[in-house]
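In what follows, a single structure is set out as structure tokens and then discussed.
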Amino acid sequence: MNIKKKVIVAMSGGVDSSVSAYLLLKQGYIVEGMFMKNWEEDDKNNFCSSSQDLSDTRLVCKKLGIILHEVNFSEEYWNLVFEKFLLEHRKGKTPNPDILCNEKIKFGIFFNVAQKIFKADYIATGHYAQVKYFNKQPMLLRGLDSNKDQSYFLHRMTLNKLRKILFPVGHLKKKTVRKIAQKINLPNANKKDSVGICFIGSCKMKNFLSRFIKIKKGNIVNSDGYILGIHHGLVNYTIGQRKGIGIGGISGKKKFPWYVIEKNLFKNTLVVCQGNKNIKLLSIGLIAIDVHWISMMNISNILYCTIKTRYQQKDISGKIILISLNSVKIFFNTPITSITPGQSVVFYMLDICLGGGFIKQPIFLSKDTYYT
């Protein structure tokens with residue numbers, strides 16, 4: 001039993017964090033919840049659902065008989081996450097704020113407040129990931145449920161923090177977590193999973209970004225510069241995008257859909273090509289920067305492992321070549337489509353998450369085709 005060990009659980013109002021708190025209680029921990037408000041609701045468009053989430057969290061904590069701490073990290077979120085999110089979009093990239101939110105807010109500020117203010121021995125979240133020890137060193141592993149595994153979003157964790165973090169549902173399937181919630185009659189047992197990114201939920205990104213970034217229309221062109229249509233602001237498109245471009249077209253006798261291959265900020269043009277097997281979409285590798293290694297164990301100048309360039313992507317086999325500890329060149333065993341600057345690339349050795357970095361640029365078939 002874990003008598004007198006105190007755990008602060010990051011409560012979101014969802015089933016996963018709620019069941020996490022319940023499981024920790026069963027294991028004998030002293031459990032308290034903390035609800036983080038990371039976005040101010042200053043509009044009437046329901047971009048943020050924090051009011052409903054807070055209400056659900058209060059009901060869950062009352063049901064479980066645990067204390068709930070309510071904190072507001074909106075200013076910190078804006079300064080540390082959202083401003084960088086907007087800056088990257090203005091640069092023509094497609095950032096993933098959930099990864100930065102985990103690093104700076106959930107396992108940064110929340111982690112420190114839980115330990116220093118509320119004297120927690122551990123913190124816990126409802127993430128589908130696992131921590132296991134090898135030679136007394138903690139390792140971040142994928143969650144047991146491959147459909148829900150969230151290790152991709154946690155790849156910037158440190159060893160010291162992994163020693164103080166618990167993922168109570170990481171060894172469970174989502175359907176099992178849902179059944180536990182129903183069995184103990186949690187008030188949010190049948191609440192739908194949250195979708196979208198951490199601060200705006202499921203609203204349309206186009207509508208949201210237009211509030212903060214000036215939208216400038218421009219031409220949609222093919223790689224030869226032929227004008228095909230009009231785009232509605234480069235910020236609203238991403239590499240590899242197919243839907244929502246708004247142009248049709250015929251190549252030869254067959255119809256092929258159009259895909260985004262480039263956002264030219266200087267000319268304010270959206271460059272597209274036809275067909276998902278088009279060589280202009282395929283990359284043999286990529287260059288990543290701001291690389292973070294969870295552990296330096298078994299890291300070498302050339303590393304063979306599997307790679308993900310987006311969440312829930314099937315593992316890609318490949319080779320990592322260190323340029324420095326903070327930047328790498330990666331080559332895939334087979335070409336991959338739609339490598340997107342600004343997104344994260346994450347490295348795995350079997351189920352162990354080694355770390356990851358941010359994609360700077362793809363390596364195309366037409367250049368740097370040698371594997372060294």
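The values are calculated or read from the model by the stated rules, or taken from the named source; none is laboratory data. Keep in mind it's a predicted model, so treat the numbers as computed, not measured. Cβ coordinates were reconstructed from backbone atoms using ideal geometry, including for glycine residues, and neighbour counts include every protein chain displayed. Remember, those area values only see protein heavy atoms, side chains included, never the ligands or the DNA or RNA. Shrake-Rupley method; radii C 1.70, N 1.55, O 1.52, S 1.80 Å.
Within the accessible area of the range 1-148, the carbon and sulfur atoms contribute 49%, probe 1.4 Å, all protein chains present.
Size descriptors for the range 138-185: radius of gyration and Dmax over Cα atoms are 12.5, 36 Å. With θ taken as phi - 60° and the Karplus curve 6.51 cos²θ - 1.76 cosθ + 1.60 applied, the whole-hertz 3J(HN,Hα) list for the range 83-91 is 5, 5, 4, 5, 4, 5, 4, 5, 7 Hz, x standing for glycine and proline. Rolling a 1.4 Å probe over the protein chains gives T309 an accessible area of about 10 Å².
Counted residue by residue at 0.36 nm each, then reduced by the alpha carbon distance between them, the extension gain from K217 to N264 reaches 15.7 nm. Between the C-alpha center of the range 206-229 and that of the range 120-179 there is a gap of 40 Å. Here the simple spin-label model places points 7 Å from the Cα toward Cβ, and for N276 and E75 these points are separated by 4.7 nm. With contacts taken as Cα pairs under 8 Å and at least 6 residues apart, the chain reaches a relative contact order of 15 percent. The heavy atoms of L166 offer some 40 square angstrom of accessible surface to a 1.4 angstrom probe. Solvent-accessible surface of protein heavy atoms, probed at 1.4 angstrom with all chains present, puts H232, H69 in the order H232, H69, largest first. Find the Rg to Rh ratio for the chain, where Rh is the Kirkwood radius over alpha-carbon pairs and Rg uses the same atoms. With Rh from the inverse mean 1/r over Cα pairs, Rg/Rh is 1.00. Near the amide H of G170, within less than 5 Å, lie the amide hydrogens of A129, all on another chain or at least 5 residues away, with H placed in the peptide plane. Pairs with C-alpha atoms separated by more than 21 Å, drawn from the list K5/K175; K26/K183; K116/K164, are K5/K175.
Working note: Karplus 6.51/-1.76/1.60 with θ = phi - 60° gives the range 122-132 the couplings 9, 10, 9, 9, x, 5, 8, 7, 9, 10, 10 Hz, where Gly and Pro are set to x.
If both residues of a DSSP beta bridge must be in the range 38-174, then about 75% of such bridges are antiparallel. Counting Cα-Cα pairs of the range 302-359 in 10 Å increments starting at 0 gives whole-percent bin shares of 23, 63, 14.
What you get for the range 208-302, charging only the Cβ of Lys and Arg (+1) and of Asp and Glu (-1), is a dipole of about 500 debye around the Cα centre.
Extending 7 Å from the Cα toward the beta-carbon at both M296 and F134 defines two label points whose distance is 1.8 nm.
For K192, the aspartates and glutamates whose Cα comes closer than 15 Å to its Cα, not counting residues fewer than 8 places off in the same chain, are D16, D53, D56. For S327 and K119, the difference between the fully extended length at 0.36 nm per residue and the C-alpha to C-alpha distance is 71.2 nm. Fully extending the segment from Q182 to Y304 would add 39.6 nm, taking 0.36 nm per residue of separation and subtracting the current Cα-Cα distance. Of the residues L144, L354, L228, the one with the largest accessible area comes first in the ranking L144, L228, L354, computed with a 1.4 Å probe on protein heavy atoms. Heavy atoms of the protein chains alone define the surface here; on that basis the chain has 50 Å² accessible area per residue at 1.4 Å probe size. The distance between label points at K314 and I67 comes to 5.0 nm (points 7 Å beyond Cα on the Cα→Cβ vector). Backbone amide hydrogens, once placed in the peptide plane, bring G33 within less than 5 Å of V9, I67, L68, H69, excluding anything fewer than 5 places away on its chain. Derived scalar couplings between HN and Hα for the range 349-354 equal 10, 6, 9, 8, 7, 7 Hz in order, rounded to whole Hz, by the Karplus curve 6.51 cos²θ - 1.76 cosθ + 1.60 (θ = phi - 60°), x for Gly and Pro.
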